[in-house]
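The values are calculated or read from the model by the stated rules, or taken from the named source; none is laboratory data. All values reported here derive from a predicted model rather than from experimental measurement. Cβ atoms come from the backbone with ideal geometry, glycine included; neighbour counts cover every protein chain shown.
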Amino acid sequence: MACFLVPTAEAVVTTVMTKVIESKEKTKLPEEKAENEISVDASVKIPLSRKMKWLNNMLWGGSALLAFEHVWHGEVVPYFPFLTAAGDPASAAEMLHEMATAGVLMAVLVTAVWGCMVVTADYLAKKASQAGKVEEK
Amino acid sequence: MTLLTTVAAAIICTILWYRNLPGNEMRLGTLSLMFWGASVMWFVDAIFGYMEDGMAFFNPDLSDMLNEFYLGLSVVSLGLIIWLVILLIKDPRGVLKKALFGKSSK
């Protein structure tokens, strides 16, 4: 009915967070360069903003394609109130229930998958860094 | 059927992305993440469908299956269109800017 709205809301929040993190990283990098603190580990480390972009792509892409499915099934219309279920109170209650169950689970599962990706990527980066150090020795 | 179509598209895109590594000029990573995100969401939809319909969820009518497959193909087409728009706007190789304005983005 409108379950895609929950991941869309999360996507808005994570996109804003990404922009903030990105600007912080940009201001932080010249400071580190000046202090000559960049180590081999730092160059291998994946920036958080890049990881956040993976989540953004999953959330925005998934929400857009799911929204299209809702248009296909006539649950989203191009005129007010845009969601057909919002027309009468009984359907609206059902819609809110679906958002609270399926919608929230979608957002949680996508975030969990992203979390697994981040852990794996960090592990691989750490492994690559250690392999580089061994080769240097 | 929509879930299966999207998962198949996600797998194909991931294989293509892996084959093109370490380069990411075609932004195939973005496309595969889009399809994976949609796949996860439809998987949740499938769980709720199974909870509602039980075993009947696995035995859909042929017409329903065809309709869902048609929807899956439309979803994949929309995903490809979104990816193409992102690719043309970002123009990672700068070829579009060069062709339009006669100078590279670098």
(message) Going through B:Leu28, B:Leu33 one at a time, which residue ends up being in contact with a Phe, Trp or Tyr (Cβ under 9 Å, 6 or more places away or on another chain), of a type in the set (A, V, I, L, M) and modelled with pLDDT of 95 or more?
(response) B:Leu33
(message) Suppose we filter A:Glu35, A:Glu31, A:Glu22 for residues that are over 11 Å from the mean Cα position of the chain (by Cα), surrounded by 12 or more Cβ atoms within 10 Å (Cβ to Cβ) and at pLDDT below 95; which single one remains?
(response) A:Glu22
(message) Please go through the range A:99-110 and give me each residue that is buried (at least 17 other Cβ atoms within 10 Å of the Cβ) and touching a residue at least 40 places away in the same chain (Cβ under 8 Å), ordered by number.
(response) A:Met99, A:Ala102, A:Gly103, A:Met106, A:Ala107, A:Val110
(request) Could you please find all residues in the range B:23-60 being within 12 Å of chain A (Cβ to nearest Cβ), over 12 Å from the mean Cα position of the chain (by Cα) and under 21 Å from B:Leu88 (Cα atoms)? (result) B:Asn24, B:Arg27
